[in-house]
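Okay, so here's the structure we're looking at.
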Amino acid sequence: MTKAYFATAINCIDGRVQTPVLDWMKKFCGVDYVDLITEPGPDQVLSEGPAEKVQAIREKVMISVRVHSSEVIAVAGHDDCAANPGPKEQHLHQIQKSVEVVSGWWMPARVLGLWVNEQWQVEIVADTRPSG
Ligand SMILES: [Zn+2]
């Protein structure tokens, strides 16, 4: 079997944001597959808790990084999120904070913060390795 390359996405459960984030990450990261961890409103959960939910997400991310040697972890927030309603500015703040939290897990991976806008397009709002 030839080696397959993986990235990891922490995304909302919302069906509208799955394909945009997966397609974008495959292209941007140049990977074959994207491991997917879903949580309603993950930008809010990672930035505000509760701690046990953050820990559960961390454990899933750890498997992806360990077993699939994922080198990029993305946290995505999106427009019109039922689980985490609020203006874009609030989401962007939460996404920034989430990237800080995930970076604090000290996994050997680049961490991206993504915003999926009202046209279901992906925008980078945070990147721990901006020029890389
Ligand atoms: Zn959502």
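No lab work stands behind these numbers, since they all come straight from the coordinates. The shown structure was predicted, so the numbers you read here are calculated from the model rather than taken from an experiment. Glycine gets a Cβ as well: all are built from the backbone with ideal geometry, and neighbour counts include every protein chain shown.
Summary of values
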item: Rounded to 10°, Cα long-axis angle of helix 18-29 versus longest principal axis of the chain; result: 50
item: Computed label-point distance, nm, for sites ARG129 and LYS27 using a 7 Å Cα→Cβ extension; result: 2.1
item: Segment 1-78, Cα convex hull volume normalised per residue, Å³; result: 84
item: Most fluctuating residue given options ASP35, ASP43, ASP23, as computed from a GNM of the chain linking Cα atoms under 10 Å; result: ASP23
item: Contact order normalised by residue count of the chain, Cα under 8 Å, 6+ apart, percent; result: 27
item: Fewest-first ranking of ILE73, ILE13, using other Cβ atoms within 10 Å as the exposure measure; result: ILE13, ILE73
item: Simple Cβ-charge dipole of segment 41-101, Lys/Arg +1 and Asp/Glu -1, about Cα centre, in debye nearest 20; result: 220
item: Exposure proxy ranking, count of Cβ atoms within 10 Å, fewest first, for MET25, MET107; result: MET107, MET25
item: Exposure proxy order (Cβ contacts within 10 Å, fewest to most) of PHE28, PHE6; result: PHE28, PHE6
item: Nearest 10 degrees, 0 to 90: helix 51-68 Cα axis against the chain principal axis; result: 30
item: Rounded to 10°, Cα long-axis angle of helix 88-103 versus longest principal axis of the chain; result: 40
item: Fully extended contour minus Cα-Cα distance, from ALA4 to TRP105, at 0.36 nm per residue; result: 33.9 nm
item: Two-decimal Rg/Rh across the chain, once Rg and the Kirkwood Rh are taken from alpha-carbon atoms; result: 0.94
item: Nonlocal amide H pairs with ASP127, under 5 Å, H built at 1.01 Å; result: GLY113
